[in-house]
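The values are calculated or read from the model by the stated rules, or taken from the named source; none is laboratory data. The structure presented is a predicted model; accordingly, all values stated were derived computationally and were not measured. Cβ: placed from backbone, ideal geometry, glycine included. Neighbour counts: every protein chain shown. We work out accessible area using only protein heavy atoms, side chains counted, and drop any ligands, DNA or RNA first. Shrake-Rupley method; radii C 1.70, N 1.55, O 1.52, S 1.80 Å.
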Amino acid sequence: MWITLALVSALCLGFYDIFKKLSVKGNDVLMVLMLNTVFGVLYMSPFLISGICEGNYGFGNTATGHLLILLKSVIVLGSWLLGYFAIKHLPLTVQGPINASRPVIVLVGALLIFGERLNWVQWIGIALGFASLFLISRIGAKEGFSLKHSKWIWMSIGATVLGAVSALYDKYLLGYYHPVEVQAWYSLYQCFIMVGTILVLRRLHKEGSGFTWRWTIPCIALFLTVADLAYFYSLSLEGSMVAIVSMIRRGSVIVSFIYGVVALHEKNIKSKLIDLCVLLLSLALLVVGSSL
């Protein structure tokens with residue numbers, strides 16, 4: 001069951017990336033991100049309102065749980081800020097494979113933090129995962145997005161690393177708290193933090209003074225909410241493995257990659273397809289290695 005939920009999460013994440021790309025293109029990134037957090041709270045508001053009306057303020061009405069979720073909100077929001085600016089300026093066929101390398105980082109984190117042991121198949125998978133990052137950086141350089149000079153590439157890598165940190169943290173949180181509880185309250189805290197963040201960044205960052213409403217914006221939060229709920233439930237089930245779930249979720253790159261090719265007519269598709277195949281082989285080896 002947890003594998004099925006991870007697949008549902010991956011499919012929704014693919015559409016999430018597409019709607020995110022459509023929403024931020026030529027638009028104010030910070031406003032789009034803020035509206036994403038607002039819609040995320042609206043989608044989870046029935047749970048929040050019903051719980052508060054019953055005197056249930058989440059996490060056993062203790063401050064510890066809320067502080068832990070607040071930390072998660074900060075981590076995720078940091079990943080989103082970097083990721084939204086990256087996806088606005090990078091082709092989907094460049095940004096997608098970088099983001100899809102997240103399971104490799106998660107697996108390394110699981111090795112170092114949780115003491116998991118890797119077999120030779122998984123080590124090959126990790127090596128291929130890092131090789132795919134090198135390949136995509138070379139391809140990106142041909143389009144003016146070199147690892148050495150492009151801040152957007154580094155923002156995408158930063159978003160991926162923070163996303164991996166969040167995935168490892170999620171496994172810890174869901175050992176104590178209900179998935180819907182985590183999703184609802186972290187969405188609320190994200191909204192509060194984003195309002196404060198946008199007030200500060202608006203003074204520091206001059207890009208995107210104009211904002212255009214698009215109906216793709218509420219779709220970002222819709223697909224992300226469904227993806228996160230499926231993901232949280234998957235991690236909460238007995239026997240689930242955060243490294244495997246994270247790997248499966250990165251299969252979302254296939255959806256966004258196809259869209260980038262068919263709808264956006266992005267360049268250097270053959271080279272990027274080779275890189276994507278290397279990455280998918282990496283993920284496949286990690287999954288196979290986990291069953292040995």
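Collect the residues in segment 228-253 that are among the charged types (D, E, K, R) and either in contact (Cβ under 8 Å) with a residue 60 or more places away in the chain or part of a helix (DSSP H, G or I) (or both), keeping them in residue-number order.
Across segment 228-253, the qualifying residues are D228, R249, R250.
When restricted to residues that are at pLDDT 80 or above and not hydrophobic (A, V, I, L, M, F, W, C), segment 76-115 contains 5.
Among residues that are open to solvent by 40 Å² or more (accessible area, probe 1.4 Å), touching a Gly at 6+ places or on another chain (Cβ under 6 Å), in a helix (DSSP H, G or I) and not polar (S, T, N, Q), L67 is not included.
Checked against (1) at pLDDT 75 or above; (2) outside any helix (DSSP H, G or I), I258 passes all but condition (2). Pairing each residue of segment 70-93 that is more than 29 Å from G58 (Cα to Cα) and without any contact (Cβ under 8 Å) to a residue 60 or more places away in the chain with any residue that is open to solvent by 30 Å² or more (accessible area, probe 1.4 Å) and not in a helix (DSSP H, G or I), provided the two are 6+ apart or on different chains, yields no C-beta distance under 7 Å.
Considering I49, I18, the condition of being surrounded by fewer than 18 Cβ atoms within 10 Å (Cβ to Cβ), on the phi < 0 side of the Ramachandran plot and either part of a helix (DSSP H, G or I) or in contact with a His (Cβ under 8 Å, 6 or more places away or on another chain) (or both) is satisfied by I49 alone.
Can I75 be described as in contact with a Ser or Thr (Cβ under 6 Å, 6 or more places away or on another chain) and open to solvent by 10 Å² or more (accessible area, probe 1.4 Å)? Yes; evaluated as a whole, the condition is true for this residue. Summed over segment 50-75, the residues that are modelled with pLDDT under 90 and of a type in the set (A, V, I, L, M) give a count of 2.
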